[in-house]
Amino acid sequence: MKPAFTIALSGITALVVSSAVFVAAPYLIDRSEGVQDMTIRTTPSDTSDLISMVQRTEPAVVSVIVTKDLPVIERFDSSVESPFGIFSFPEYRQNGTAPREVGGGTAFFISENGMLMTNKHVVNDTEAQYTVLLNDGRKLSAKVLAIDPGSDIALLKVDGNNFPSLTFSDEEPVLAEQVVAIGNALGEFRNTVSVGVVSGLSRSIVAGSRLGGGTEELSRIIQTDAAINEGNSGGPLLNANGEVIGMNTAIASNAQNIGFAIPSHDLTKALESFEKNGKILRPFIGVRYMLIDKTVQAQNSLDYDYGALVVKGDTAADLAVIPGSPADKAGIKENDILLELDGKKISVDTSLASLIREKSVGDTVTIKLSRGGTETEVKVTLEAQK
């Protein structure tokens, strides 16, 4: 693994300055690698066009308020008699519970009938209640419809109709394209607007919270220099036409203006899966692997400087191939080198995970692999990730 970014603040939760409330912040980056060469396309836009676009899209962006029933602790005085007199001292006890605001983030409407999209790490507390604060000041109770098992995506629903909504871009973003990020900055400044450009494409990162809660690998995501802060998680990244090209999800906190967004292609794929299946299904192969480059090749005396080496983790439970998984059923074994998937070379820039993510549950893919110096092909039928 490449050296990690030094991480400070940002992740599943991040401390709000003004109170004991935590805001859902963009994930922190543990690793960043891979960039795709792109033709630079500038998208100049005068101020009036930008203002008009923001005025048109901003009402569809909402703040997410996270509340939980927490114990109410009260103080009472207790006294003890002794030969030296009566001594009083304070004690504490629980007196029921009360709803308290414990977090916040951002979401945006994707349909007029009240469906919203946000980050999974904003709404992954099953014991919490979620409320969205609309641009007109209304507060509506929100239900978590679906959680994406393979990416930092979640869907919410509020009751009502005729909500302003955003549309997803059909075009791939390009380097230096102008973008706008809107979100609930720091959990206090709702619908904060920041402007920047697409700084990089096809990034692969491992992101997580400085407060714990695990990490998540995200691949082929957008890098931007538009300011993204704690509380911006789940907000849209818009192009000059006001279309969603990504959803803000992570920042490198030890750097200036390095933020990351899940691309619209992944967002629409999750939405289509929900509309088809009633939940978000992601294809799953079931191997643990290390991507090979020239350094890994030299350190391990491998025959290839690309591919995915199937390896176990640091503990006995971190098996190289998950028993009963599609990979196990196809006969893939520890120390196999997976070279290609459906004819596409597996590499640091094009990881196995990113290629699997392009597929659907039930697809059968052909994997070219090397075992003991002999190349062969196996068929793998992808199953739903649990």
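The values are calculated or read from the model by the stated rules, or taken from the named source; none is laboratory data. As the structure is a computational prediction, the values presented were derived from the model and not from experiment. FYI the Cβ positions are ideal-geometry reconstructions off the backbone, even for glycines, and counts take in every protein chain you see.
Structure above, values below:
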| read-out | value |
| --- | --- |
| Filtered residues of the stretch 240-257 (kept if modelled with pLDDT of 85 or more and surrounded by fewer than 23 Cβ atoms within 10 Å (Cβ to Cβ)) | Ala240, Asn241, Gly242, Glu243 |
| Residue tally, condition at pLDDT 90 or above and in contact with a helix residue (DSSP H, G or I) (Cβ under 9 Å, 6 or more places away or on another chain), over the stretch 117-151 | 7 |
| Criterion (touching a residue at least 12 places away in the same chain (Cβ under 8 Å), of a type outside the set (Phe, Trp, Tyr) and not in a strand (DSSP E or B)) met by exactly one of Lys379, Lys312, Lys368 | Lys312 |
| Only one of Asp314, Asp318 that is touching a Lys or Arg at 6+ places or on another chain (Cβ under 6 Å), loosely packed, with under 13 Cβ neighbours inside 10 Å and farther than 30 Å from Leu201 by Cβ | Asp318 |
| Gly373 being at pLDDT below 95 and farther than 26 Å from Asp266 by Cα | yes |
| Of residues in the stretch 329-353 being under 28 Å from the mean Cα position of the chain (by Cα) and part of a helix (DSSP H, G or I), the one farthest from Thr376 (Cα to Cα) | Ala353 |
| Residue in the stretch 371-383 that is within 25 Å of Lys279 (Cβ to Cβ) and within 25 Å of the chain's Cα centre (by Cα) present | yes |
| Close pairs from the stretch 123-143: first over 11 Å from Ala107 (Cα atoms) and in the same structural domain as Val64 (by TED's automatic domain parsing), partner assigned to a loop (DSSP other than H, G, I, E, B) and modelled with pLDDT under 85, Cβ under 8 Å, at least 6 apart | Asn124/Ile12 |
| Cross-chain or 6+ apart pairs with Cβ under 7 Å, the stretch 266-281 first and within 15 Å of Gln385 (Cα to Cα), then of a type in the set (Asp, Glu) | Ala270/Asp148; Ile280/Asp148 |
| Matching entry among Thr268, Thr249 (being assigned to a helix (DSSP H, G or I) and either under 19 Å from Ser111 (Cβ atoms) or touching a helix residue (DSSP H, G or I) at 6+ places or on another chain (Cβ under 9 Å) (or both)) | Thr268 |
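Every residue, every condition in (1) within 23 Å of Val179 (Cβ to Cβ); (2) modelled with pLDDT under 65; (3) outside any strand (DSSP E or B); (4) not assigned by TED's automatic domain parsing to the domain that holds Glu188, yes or no:
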position	(1), (2), (3), (4)
Ile51	yes, no, yes, no
Arg56	yes, no, yes, no
Pro59	yes, no, yes, no
Val62	yes, no, no, no
Asp69	no, yes, no, no
Ser78	no, no, no, yes
Phe87	no, no, no, yes
Thr106	yes, no, no, no
Glu112	no, no, yes, no
